[in-house]
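So the structure is just underneath, and the comments pick up after that.
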Amino acid sequence: MEITLPMKWERSISRKLNEDGIFFRSGSFESLKLLQNDTTYQIGLEILNNKRYTISWSKDGKEKFAVNFPIEYDLLAGTSMTENERRVLEDVRRSSTETRQAMIDDEKQFEKVPHGKCYILKGEYFYNKQLNTNRYYVKSKKDAFKLFYHRDYVLESLSNLMTTAAIDNDYDIQIRLVKYGFVQDTICVKLNQWLNYCIDQGCMPYFGIIAIDKDIADCEIIMKNVLMGYIHVMRLNLNIGTLEERKGLIKARLNSFVPTTRVRYLFDELKI
């Protein structure tokens, strides 16, 4: 008795490229071999709306080959979402607990805040103006600027604490990672370990306070990596009564490696 097994279905290269959103503006996949061992080509890189890359090869002023592909971490790193989620907590655990050296920005762009206690350096905002990269500074006795931190000024202090890793603190952060399939994993590390991991990976931190209720600040942090096409979305709770001693437990929920192309839908789902 013969048993006929189904043949393994192999997708063509062109189909695989199409499914990954990879397209050729000039040349083709087959013409890639012509670029090998030829160092006379001029290479160009374009970023389109922070969503797609185009890499081109030109010679004698004429474009010979150009490929366009999405800025997606899975594609660029060659890893799967489950692998990314498995590694992120391990990488955070290995990150430094050290306080970073504060980088003082251009003082000419500083503006006095309405309450008059410090200066603001306005940055970018993400999705809405309450979620931003604003930093706050104060003049020291030596007339030099430093990051502002005072227990009575919650927004300014938390903005600097949560985005710079340059404020001395002894906070622990309990991170509940929501993974694919709604599986969850939890770790507890120092706040600076989380911040240093993100900053070292090239992320830009955006921070905002959603609400304060009975001394509990409900906050949002977005760690945005433009070049790799992802964001980390963290929702956290912190007791503002701990600001003076700069220590305590922060509880957080994390969605990691969210493709920037899905950002609007994620925010709609979370109702942020």
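Each helix, a run of at least 4 DSSP H residues, gives -39500 (n - 2.57); summed and divided by the residues of the chain, these come to -5500 deg cm²/dmol at 222 nm. So how tilted is helix 191-200 from the main axis of the chain? Cα-based, degrees 0 to 90, rounded to 10. Once rounded, the angle reads 40 degrees.
Among the listed pairs 33/59; 142/224; 117/142; 142/190; 122/224; 112/251, those whose Cα-Cα separation exceeds 27 Å are 142/224; 142/190; 112/251. Our summary gives the chain a relative contact order of 15 percent, counting only alpha carbon pairs under 8 angstrom and 6 or more residues apart. If R0 equals 30 Å, the separation of the Cβ atoms of residue 185 and residue 55 corresponds to a calculated FRET efficiency of about 0.25. The residues of the chain present an accessible area of 61 Å² per residue when probed at 1.4 Å with all protein chains retained.
Working from Cα pairs under 8 Å separated by at least six residues, relative contact order for region 131-256 is 25 percent.
Of the GluC sites (Glu not before Pro) found in region 154-260, the ones in coil according to DSSP and having at most 12 other Cβ atoms within 10 Å of their Cβ are 244, 245. In this simple spin-label approximation, residue 18 and residue 214 carry label points 7 Å from Cα along the Cα→Cβ vector, and these lie 5.8 nm apart. With a Förster radius of 35 Å applied to the beta-carbon distance between residue 97 and residue 239, the computed FRET efficiency rounds to 0.95. Once both labels are positioned 7 Å from their Cα atoms along Cα-to-Cβ, the gap between residue 31 and residue 174 label points is 5.9 nm. Specify whether the C-alpha gyration tensor of region 135-272 places it in the rounded, prolate or oblate class, a ≥ b ≥ c being the square roots of the eigenvalues: rounded for a/c under 1.5, otherwise prolate if a/b is larger than b/c and oblate if not. Note, shape of region 135-272 comes out prolate.
Could you pull out the trypsin sites (Lys or Arg not before Pro) across region 142-207 that fall in loop regions by DSSP (anything but H, G, I, E, B) with no more than 15 other Cβ atoms inside 10 Å?
Hits after loop and neighbour filter: 142, 151.
Evaluating 6.51 cos²θ - 1.76 cosθ + 1.60 at θ = phi - 60° for every residue in region 69-86, the Karplus couplings come out as 8, x, 7, 10, 4, 4, 5, 6, 8, x, 10, 9, 4, 5, 5, 4, 5, 5 Hz, glycine and proline recorded as x.
As a fraction of the 1.4 Å probe accessible area of the chain, surface on carbon and sulfur atoms comes out at 49 percent. Only Lys, Arg, Asp and Glu carry charge here, each on its Cβ (+1 for the first two, -1 for the last two); on that basis the chain has a dipole of about 300 debye about its Cα centre. Since only 261, 121, 42 are under comparison, the one whose Cα sits farthest along the positive direction of the charge dipole of the chain, derived from C-beta charges on Lys, Arg, Asp and Glu, is 121. The Cα center of region 155-192 and the Cα center of region 108-149 differ in position by 22 Å.
Where in region 10-36 does the label zone of residue 48 land, with the point 7 angstrom along Cα→C-beta and an amide N cut-off under 18 Å? Within reach of a label on residue 48: 17-29. Absence of a disulfide-compatible partner, taken as no other cysteine beta carbon within less than 4.7 angstrom, is noted in the chain for 118, 188, 219.
The values are calculated or read from the model by the stated rules, or taken from the named source; none is laboratory data. This one's a predicted model, so the numbers in the text were calculated from it and none came from an experiment. Cβ atoms come from the backbone with ideal geometry, glycine included; neighbour counts cover every protein chain shown. With ligands, DNA and RNA removed, areas are computed over all heavy atoms of the protein, side chains included. Shrake-Rupley method; radii C 1.70, N 1.55, O 1.52, S 1.80 Å.
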